[in-house]
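J.: Dropping a structure here in structure tokens format, bear with me for questions.
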Amino acid sequence: MHSDQELNYLTKSLLHHPSPYIIYELDGSIAWANLAANYIFNLSSLDEISVIKIDDQVKNNFGDLESIALYYDTPIEISLRKINFLMRTRVHMIPVDESNGIMLIELLCSSRSGLDALRNTIDCIEHKRIELAYQKQVDLETNEVTGIEALLRLQDGKGGYLPNDEIIPQIEGESLFSLVVLESLVQLEKFFAIKDELGFADATLYLNVSAHTIMHPDFCSIFTDFVDKHQLSPNKFGLEVTETAELSDITIASKSLSLLKDKGIKIALDDFGAGYASLKYVRDLPIDVVKLDKHFTFNVSDPSTARLISFVSEVCEDLNLEMIGEGIETEEDKQMMLDLGCKIGQGYLMHRPDFLDSFKVKET
Ligand code: C2E
Ligand code: MG
Ligand code: MG
């Protein structure tokens, strides 16, 4: 583990993610602490809880974060009278002096599903259960592979995988997600090492990132460093930007994307037409590719959906953007997408996401 690099990105990530967590390495294993969440729960018994907002004086008494790491790994669940919701917590003992300690209750998460997502992800980070599967994107006329999308696979430890659609939206705003991104890049290195050999020299290898991840220009160095380190030529590496919440500041997002583009990183707007990924983003963000959400393809036989697909392909043509249709599962889907002007596609018909090892077997 490159703990300096991880700490660096975590710190950057903490600057713009509203998450109160920090994770760091302690005695060879990952420890994690809440940056005190601005609250300390000071108690002598569970019945007598008083909430103190952290101020400098309290911080001085507690010393630095290292001391918070001396924790009892005992999650407890409490309901605070003053704050009206259930929280999961972790107890830390912080030495004040030789005979006295203070108990700090770390607030882990404000919702049960969020908490589960968080704990599962921490497990995956701790036990290196992070993998990537890859899915080809192909020219629908020539079958040439134009791109490859890396998709996160978080092992659940029981032989299965955590469902991305449920887990990722809950954790991608958390600072710890930067560790997942870092690990993904370590995995991508392995693909890049043999990409040309596998016959994909001209294809773009895309990683998914949420707009949260790239929102802060400082944090983009995680990707620009990667391009520098591997001396990747333009358009060999790309980011599919997904958005699950409306972008709070489109000017900042645009600045981040320009920085990445200047490094030759190709930018695709993912899940276009779903959620918040709207025409406004096509107009205001410096993107290269529009990926039409798979639900359009699923309904391609519906005349109004077909009209919309054809509208998007016209817009892309006019603005000189590539368009990729997701979710192509049948020959009929493929033909109809082509007829509507969508030239590049991705879907189970052409290729199912697969791990790198199976690429090696199939391509050689
Ligand atoms: P996405 O980026 O739109 O990825 C496409 C999803 O559709 C993938 O699901 C893929 O396996 C699935 N798919 C591909 N072809 C077909 C098809 O023909 N039919 C159907 N029904 N589905 C198809 P997956 O891997 O579960 O990922 C779900 C979402 O999770 C992704 O949607 C993306 O938003 C997010 N995600 C995946 N990997 C990452 C990652 O590394 N980082 C981040 N931030 N998000 C990721
Ligand atoms: Mg994607
Ligand atoms: Mg998508």
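The values are calculated or read from the model by the stated rules, or taken from the named source; none is laboratory data. All values derive from a computational prediction rather than experimental measurement. When we count neighbours, we look across all protein chains shown, and the Cβ atoms used for this are built from the backbone with ideal geometry, even at glycine. Side chains are part of the model used for accessible areas, which takes the heavy atoms of the whole protein and leaves out ligands, DNA and RNA. Shrake-Rupley method; radii C 1.70, N 1.55, O 1.52, S 1.80 Å.
J.: Would you mind checking which residues have amide H under 5 Å from Tyr206's amide H? H placed 1.01 Å from N; only 5 or more apart, or other chain.
T.: Placed amide hydrogens put Ile148, Glu149, Ala150, Gly238 under 5 Å from Tyr206.
J.: Also, quick follow-up: No solvent, one uniform scatterer per C-alpha: report log10 I(q)/I(0) for segment 253-323 via the Debye equation at q = 0.13, 0.21, 0.26 1/Å, two decimals.
T.: Computed log10 I(q)/I(0) values: -0.38, -0.89, -1.22.
J.: Further question: With +1 on the Cβ of every Lys and Arg and -1 on the Cβ of every Asp and Glu, and nothing else charged, how large is the dipole of segment 122-363 about its Cα centre, in debye rounded to the nearest 20?
T.: Using only the charged Cβ atoms, the result is roughly 420 debye.
J.: Could you list which residues have their amide H under 5 Å from that of Lys343, counting only those 5 or more apart in sequence or on another chain, with H placed in the peptide plane?
T.: Met323
J.: Please list 123-133, 284-294 highest first by mean number of surrounding beta-carbon atoms within 10 Å per residue.
T.: Peptide ranking by packing, descending: 284-294, 123-133.
J.: Return the percentage of antiparallel bridges among DSSP beta bridges fully within segment 122-363, rounded to the nearest 5 %.
T.: For segment 122-363, the DSSP antiparallel bridge percentage is about 40.
J.: For segment 183-190, what does the Karplus curve 6.51 cos²θ - 1.76 cosθ + 1.60, with θ = phi - 60°, yield as ³J(HN,Hα) per residue in whole Hz, taken in order and with x for Gly and Pro?
T.: 5, 4, 5, 4, 5, 4, 3, 5
J.: Under a 1.4 Å probe, what is the accessible area of segment 303-344 per residue, stated in Å²?
T.: On a per-residue basis, segment 303-344 sits at 54 Å².
J.: Given the pairs Lys158/Lys266; Lys229/Lys263; Lys255/Lys294; Lys261/Lys334; Lys294/Lys343, which span a C-alpha to C-alpha distance of over 24 angstrom in this model?
T.: Lys158/Lys266; Lys255/Lys294; Lys261/Lys334
J.: Under the classification rounded if a/c is under 1.5, otherwise prolate if a/b is larger than b/c and oblate if not, where does segment 122-363 fall, given a ≥ b ≥ c as square roots of the Cα gyration tensor eigenvalues?
T.: It is rounded, given that a/c, with a ≥ b ≥ c, falls under 1.5.
J.: Which of the GluC sites (Glu not before Pro) across segment 150-201 are loop residues per DSSP, with 13 or fewer other Cβ within 10 Å?
T.: Filter output for segment 150-201: Glu197.
J.: If I take all pairs of Cα atoms in segment 224-364, what percentage of them are more than 22 Å from each other?
T.: More than 22 Å apart: 46 percent of the Cα pairs in segment 224-364.
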